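The structure appears below as C-alpha cells.
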Amino acid sequence: AAQVSTGLVSDPDDFINVGPLASYVSSATRAKAVGWHNLGALLILLLVVLHLAMILFYRFWKREDLVRPMITGRKRIRKP
C-alpha cells in the first residue's frame, strides 16, 4: 500500500514517470514521495532475495523441498 501510495503522488526529475495524483500535492511532498518510493522498491527487492535465499537454504542444508509442495499442495514427510 505504501509503494502504491507513494507512486501515485511522486514526481521524479525525468518528468516521464509522474504519478497521476502528483498535481494534487505540494512539490515537497512529491519529492519526499520519490525518495520513499525508491526506498520501498529496494526493500521489496531485498525481501524477494531473502525469500529465494531461504528456499535455497531449506533445499540444500535442511534437505527439504519447499517448491514442489507449494505447487502441488502435497508434501512427503520423512519418517523420524
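The values are calculated or read from the model by the stated rules, or taken from the named source; none is laboratory data. Because the structure is a prediction, the values reported are computed rather than measured. So basically every Cβ, Gly included, is an ideal-geometry build from the backbone, and we count neighbours across all protein chains shown. Just the protein is used for accessible areas: all its heavy atoms, side chains included, with ligands, DNA and RNA removed. Shrake-Rupley method; radii C 1.70, N 1.55, O 1.52, S 1.80 Å.
Phi angles across segment 50-62 convert, under the Karplus curve 6.51 cos²θ - 1.76 cosθ + 1.60 with θ = phi - 60°, into 3J(HN,Hα) values of 4, 4, 5, 5, 5, 4, 5, 4, 5, 5, 9, 8, 9 Hz, Gly and Pro given as x. Each label point was placed 7 Å from the Cα along the Cα-to-Cβ direction; for Ile44 and Leu8 their separation is 1.5 nm. Among (i) 17, 39, 24, 14, 5, 2, 0; (ii) 15, 50, 31, 5, 0; (iii) 17, 30, 16, 17, 16, 4, 0, which one is P(r) over Cα pairs in 10 Å bins from 0, in percent computed from these coordinates? Entry (iii). Element breakdown for the chain at a 1.4 angstrom probe: carbon and sulfur atoms account for 66% of the accessible area. Computed over protein heavy atoms with a 1.4 Å probe, the accessible surface of the chain works out to 88 Å² per residue. Normalised by the number of residues in the chain, the mean separation of alpha-carbon contacts (under 8 Å, six or more apart) gives a relative contact order of 22 percent.
Summing +1 for each Lys or Arg and -1 for each Asp or Glu, what net charge is found among the other residues whose Cβ lies under 10 Å from the Cβ of Ser10?
On the way: positive: Arg30, Lys32; negative: Asp11.
Spelling it out: positives minus negatives among the neighbours equals +1.
For segment 10-24, putting each phi into the Karplus relation 6.51 cos²θ - 1.76 cosθ + 1.60 with θ = phi - 60° gives couplings of 7, 9, x, 5, 7, 6, 9, 9, 7, x, x, 9, 5, 6, 8 Hz, in residue order, rounded to whole numbers and with x for Gly and Pro.
Put a dot 7 Å past the Cα of Val67, heading toward its Cβ, do the same for Thr29, and the two dots end up 4.5 nm apart.
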